[in-house]
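Colleague: Have a look at the structure that comes next, please.
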Amino acid sequence: MILAGCSSAEPGAGQAPAGPGAEPPAAEADAELLAEHDLAGMEAPEIIERLDRLAVDERPSDLMASVRPDELLLSDGEQDLALEIPGDRHYLSIAPYVNQTHECFYHSLTTCTGELSGEEVQVRIVDDATGEVLVEEQATTFDNGFVGLWLPREVEGTIEVSHDGLTGVTDFSTTDEGATCVTTLQLA
């Protein structure tokens, strides 16, 4: 697992040198941040799936978790941590809606909520360049109203979601400039 902690001070500034076998101060702080939120020992994909599937009322209010195309950014307001997402994978969170949505580009695992919580939906995702069906499955939206899927990188395509006799279609991209949060898929 690759960790990259950010802080305003130089790593190790104002701290005694680490002894043999000791973790560097930044790595120690990163490990503490993960441990405080029961995420120790997990890599980015595992953390993303765990936080996205948490019941809304169980989500940590003191942790921001933002999914970017290449990394998961975590922050508790005092410390920031970036965890690398494997280069061949892209996490896409889809919140189909009928009446109400919100604007979003990078999915927030601790604050984003959609309209359809715990609902059965049919999801079909197609690579527009090849016509390959990447996903065709029935899924249940998480408590936050999203369905989260791992897709291959460098794909542009179409998402179709059906629910209760209604269907919605929207485009997506898993490039470096692509969104990780789709909240524009209205069911009609």
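Taken together, the values in this text are just the output of simple stated rules run on the coordinates, not laboratory data. Remember, it's a predicted structure, so these values are computed and weren't measured experimentally. Neighbour counts run over all protein chains shown; Cβ positions are idealised from the backbone, glycine included.
Colleague: Quote the convex hull volume per residue of segment 87-144, based on C-alpha atoms, as a whole number of Å³.
Modeller: So the per-residue hull volume is 122 Å³.
Colleague: If you don't mind, another one. Taking springs between alpha-carbon atoms closer than 10 angstrom, which of Ala82, Ala44, Ala29 fluctuates most in the Gaussian network model of the chain?
Modeller: Highest fluctuation of the listed residues: Ala29.
Colleague: Still on this structure, please answer the following. Run the helix sum for the chain: -39,500 (n - 2.57) per DSSP H stretch of 4+ residues, divided by residue count, reported at 222 nm to the nearest 500 deg cm²/dmol.
Modeller: Result for the chain: -3500 deg cm²/dmol, rounded to the nearest 500.
Colleague: Right, something else. What is the projected area of the convex hull of the Cα atoms of segment 23-134, averaged over all directions, in nm²? Can you show the working numbers first?
Modeller: Numbers: hull surface 35.5 nm².
With every direction weighted equally, the projected area is 8.9 nm².
Colleague: Which of Glu84, Glu154, Glu103 moves the most in a Gaussian network model of the chain with Cα springs under 10 Å?
Modeller: Ranking Glu84, Glu154, Glu103 by mean-square fluctuation puts Glu103 first.
Colleague: Then there is this: Cut-off 10 angstrom, C-alpha nodes, Gaussian network model of the chain. Which of Ser61, Ser108, Ser93 fluctuates the most?
Modeller: Result for the chain, Cα springs under 10 Å: Ser61 fluctuates most.
Colleague: How many nm separate the modelled label positions at Val169 and Glu120, each set 7 Å beyond the Cα in the direction of the Cβ?
Modeller: 2.4 nm
Colleague: Residue by residue through segment 161-173, what is 3J(HN,Hα) from phi via Karplus (6.51 cos²θ - 1.76 cosθ + 1.60, θ = phi - 60°)? Round to whole Hz and write x for glycine and proline.
Modeller: For segment 161-173, the Karplus curve yields 10, 10, 7, 6, x, 10, 9, x, 9, 8, 8, 8, 9 Hz.
Colleague: Suppose we flag chymotrypsin sites (Phe, Trp or Tyr not before Pro) only when DSSP calls them loop and at most 16 other Cβ atoms lie within 10 Å. Which is the longest uninterrupted stretch of the chain?
Modeller: 1-104
Colleague: Only one of the listed values, [x] 1.10; [y] 1.14; [z] 0.97, was derived from the coordinates as Cα Rg over 2.2 N^0.38 Å; which label is it?
Modeller: Entry [y].
Colleague: What residues qualify as long-range amide H neighbours of Leu134, i.e. H under 5 Å apart, gap of 5 or more or another chain, H built at 1.01 Å from N?
Modeller: Ile125, Val126, Asp127
Colleague: How high is the relative contact order of the chain? Use alpha-carbon pairs under 8 Å, at least six apart in sequence, and give a whole percent.
Modeller: 22 percent
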